[in-house]
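Here the structure comes first, spelled out in structure tokens, and everything after it is commentary.
The values are calculated or read from the model by the stated rules, or taken from the named source; none is laboratory data. These figures come from a predicted structure and were not determined experimentally. Here the Cβ positions follow ideal geometry from the backbone for every residue, glycine too, while neighbour counts run over all protein chains shown. Calculation scope for accessible area: heavy atoms of the full protein, side chains included, ligands and nucleic acids excluded. Shrake-Rupley method; radii C 1.70, N 1.55, O 1.52, S 1.80 Å.
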Amino acid sequence: DELSRAKCQLQSMLMMNLEVRPVVFEDIGRQVLAGSIRKDPQYYYDQIGSITERDIQRVANRMLKSKLSVVGYGSLAGLPSYEDMEAAILSRDGRLPSKKSFSLFRR
């Protein structure tokens, strides 16, 4: 049910965004520069509709097998080590292995 809802939402967002002329021009330019050809919105609508649960699992597995990418801004003094973040991503509960607590939102 969630996958179906997500696909419908993405399809709706695609079509609503393409109702605005500047967005259409940006889309045309991006597609032509990136691939030398423009595909119509129906192509993408159909592609979104054909996504399966297996596709999501395949991509998630591939992403989880790749090295973690981390970006930080400002003081990094409280940022956990790369190894701790990687271990948290790979663990079942998603918790940092070290005893230090880390919060994205400091008070």
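Some observations on this one:
- Computed over protein heavy atoms with a 1.4 Å probe, the accessible surface of the chain works out to 89 Å² per residue.
- Solvent-accessible area, 1.4 Å probe, carbon plus sulfur percent, for the chain: 56 percent
- Test item: Cα-centred dipole of the chain, Lys/Arg +1 and Asp/Glu -1 on Cβ, debye: 440 debye
- Approximate spin-label separation SER12-VAL24, in nm, with each point projected 7 Å along Cα-to-Cβ: 2.2 nm
- Multiplying the residue separation of SER4 and GLU86 by 0.36 nm and removing their Cα-Cα distance gives an extension gain of 26.4 nm.
- More than 23 Å apart - percent of Cα-Cα pairs taken over the chain: 57 percent
- Prolate/oblate/rounded label for segment 50-95 (Cα gyration tensor, a/c 1.5): prolate
- Sum of side-chain charges, VAL59 neighbourhood, beta-carbon under 15 Å (Lys, Arg +1; Asp, Glu -1): +3
- For segment 1-59: rounded, prolate or oblate by the Cα gyration tensor [a/c cutoff 1.5]: oblate
- Placing a pseudo-label 7 Å from each Cα along the Cα-to-Cβ vector at ASP55 and LEU96 gives an inter-label distance of 3.7 nm.
- Choice from ARG62, ARG92, ARG54 with maximal GNM fluctuation in the chain (Cα, 10 Å cutoff): ARG92
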